[in-house]
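The values are calculated or read from the model by the stated rules, or taken from the named source; none is laboratory data. As the structure is a prediction and not an experimental result, all values here were calculated from the model. Positions of Cβ are backbone-derived with ideal geometry, glycine not excepted, and every protein chain shown enters the neighbour counts.
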């Protein structure tokens, strides 16, 4: 069966989860999330986690053997080469999980939430691209509040990704999340109405 697959992306803290949750609850669309598969990839005892521990030493692990995300963040958001190494270790696993789930899903429309859709070269998995956008000031504010980060830490995370304007230029749909939740959901509803189901 031919499927219509929406690739939902944007910058960190632009509101991707808000849009994904709305699509799942209000539009009843199955949502597959790259972040969940990325966590699976580094679960306790996984080969990828073992490779990470080998590269950075045992201090990258917490007492229970799980990944110390804060420690890894400190390394990869301050070193582009190390970030690339970690991403190249995890992205193939994430891609495989997406392919497995797409193959077994009976749904005709699916949403893939992929923060690094362009950076990880996963655009070939989707039939259209939606980008959630807001100003960098709003991104910084939301990210600092949500993740309890300093301004410098938040800026490092934002600047590690492709600029929002660049992503928006490659998108089929741009959702502006600089105003109210109501305004955002109206845009999502309108974009979803325009989605063409294959064969119809």
Which listed residue is out of contact with any helix residue (DSSP H, G or I) (no Cβ under 6 Å at 6 or more places or on another chain) and outside the structural domain of residue 51 (by TED's automatic domain parsing), from 87, 81, 119: 119
Please find, among 71, 84, the residue that is over 18 Å from the mean Cα position of the chain (by Cα) and either closer than 29 Å to residue 54 by Cα or part of a helix (DSSP H, G or I) (or both). 71
Can you name the condition, by its number, that residue 197 falls short on among (1) farther than 21 Å from residue 84 by Cβ; (2) surrounded by 11 or more Cβ atoms within 10 Å (Cβ to Cβ)? (2)
Looking only at the stretch 104-118, decide whether some residue is surrounded by fewer than 18 Cβ atoms within 10 Å (Cβ to Cβ) and assigned to a helix (DSSP H, G or I). yes
Verdict on residue 19 being touching a residue at least 40 places away in the same chain (Cβ under 8 Å), surrounded by 15 or more Cβ atoms within 10 Å (Cβ to Cβ), part of a loop (DSSP other than H, G, I, E, B) and in contact with a strand residue (DSSP E or B) (Cβ under 9 Å, 6 or more places away or on another chain): no
Any idea how many residues of the stretch 142-194 are in a loop (DSSP other than H, G, I, E, B) and either surrounded by 16 or more Cβ atoms within 10 Å (Cβ to Cβ) or not assigned by TED's automatic domain parsing to the domain that holds residue 115 (or both)? 5
Looking at (1) touching a strand residue (DSSP E or B) at 6+ places or on another chain (Cβ under 9 Å); (2) outside any loop (DSSP other than H, G, I, E, B); (3) more than 24 Å from residue 154 (Cα to Cα); (4) outside the structural domain of residue 118 (by TED's automatic domain parsing), which one does residue 24 not meet, given that it meets all the others? (4)
